[in-house]
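Each value in this text was obtained by applying a stated rule to the coordinates, not by laboratory testing. Quantities reported herein were computed from a predicted structural model and do not represent experimental measurements. All Cβ positions, even for glycine, are placed from backbone atoms using ideal geometry, and neighbour counts span all protein chains on display.
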Amino acid sequence: MSLQIEVLQSIEKDVDILATEILRPVDDDSNWQPTDLVPDPATDEGCAEIQTLKSQAAELSDRLVLVTVGNLITEEALPSYQTAFNRHVGVNDLTGVDDTPWARWSRAWTAEEKRHGVAMSLWARFSGRINMRAVEATTQHLIGNGFDVRTGSDPYELLVFTSFQENATLVSHKNVAQQAGHAGDRHLQKICSLVGTDEARHARFYKAAARLVFNADPDGALVAFASMMKKQVGMPAERMYDGSNANLFADFSEIAQQIGVYTSEKYIEIMELCNQYWNVEKLVPQSDDARKAQDFLASLPGRYRKLTERRRSREVPVSSFTWLMGTRGT
Ligand SMILES: [Fe+2]
Ligand SMILES: [Fe+2]
């Protein structure tokens with residue numbers, strides 16, 4: 001048995017405790033479903049509320065709507081993320097109903113995540129701002145194109161990746177919630193705020209699970225963390241396509257950066273957060289490889305910061321997207 005699998009098995013009890021603490025029971029009153037967050041067209045009050053939702057959404061800037069749609073499509077490609085998770089030996093669910101803490105977590109995590117794309121799509125449909133067919137086609141392309149998680153099926157690298165990504169989505173959804181709130185859109189604010197709170201819980205799980213790995217196998221964890229960072233953390237929606245714009249993901253990211261929903265500075269902050277949380281600089285590695293990994297990780301945020309200082313923004317016209325009503329989308 002490889003050392004990695006041994007380590008992952010040795011921390012299973014703690015992973016189970018962590019998962020129980022972090023997951024929300026489905027039937028708990030505090031648990032939400034997408035239907036709770038949008039008006040019910042079967043009632044008169046619901047129909048009136050749909051008008052309110054539409055008039056609030058009408059006040060949002062095109063660029064905030066575009067970034068919300070990009071986030072929605074990212075959430076909708078969830079099948080790719082569950083598939084990615086299950087490619088990693090040691091945490092994967094071999095039968096689909098495995099009773100290990102890792103397998104139970106991966107299913108419950110997916111089940112919580114499934115609500116995100118649904119809630120955002122319901123809002124998008126009612127908002128009247130979005131060309132839903134173009135959004136759906138983009139999602140279909142994205143899932144079909146796949147996602148390379150770039151971990152080489154290394155389960156330690158997967159825990160680094162998920163720690164980063166859950167933090168990144170937390171930042172992104174919370175910022176959309178805040179900007180929607182400033183623009184007076186209560187529905188979008190609430191949806192993105194609740195989705196962001198889920199991402200925060202998931203980030204807490206992955207960071208804590210990775211910390212258990214750092215405690216049990218510091219050298220292996222350092223090497224895996226450095227390896228993931230050298231390859232750069234993959235962006236789940238990087239292969240999105242709408243049938244016409246070959247630079248769709250780059251254009252979406254550029255707008256997210258410009259309106260401050262998700263920026264390169266945030267990526268560096270997440271790097272620093274992980275360095276601190278996993279005590280990277282205070283560990284005492286035994287092998288040369290792990291010592292090199294530690295030095296690399298400690299210097300990385302500073303190096304990235306220098307690069308972002310040289311970053312030039314570029315103009316991305318709203319007409320590059322098919323996702324909005326009233327532009328190329330209609
Ligand atoms: Fe999500
Ligand atoms: Fe997530």
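The distance between label points at LEU273 and LEU3 comes to 3.0 nm (points 7 Å beyond Cα on the Cα→Cβ vector).
With contacts taken as Cα pairs under 8 Å at a separation of at least 6 residues, the stretch 3-320 carries a relative contact order of 22 percent. Volume per residue of the convex hull around the Cα atoms, evaluated for the stretch 215-330, comes out as 126 Å³. Using only side-chain charges placed at the Cβ, +1 for Lys and Arg and -1 for Asp and Glu, the dipole size of the stretch 3-320 relative to its Cα centre rounds to 1100 debye. In a fully extended conformation the segment linking ALA250 and GLN178 would gain 23.6 nm over its present Cα-Cα distance, using 0.36 nm per residue. Relative to its Kirkwood radius, the Cα radius of gyration of the chain gives an Rg/Rh of 0.98.
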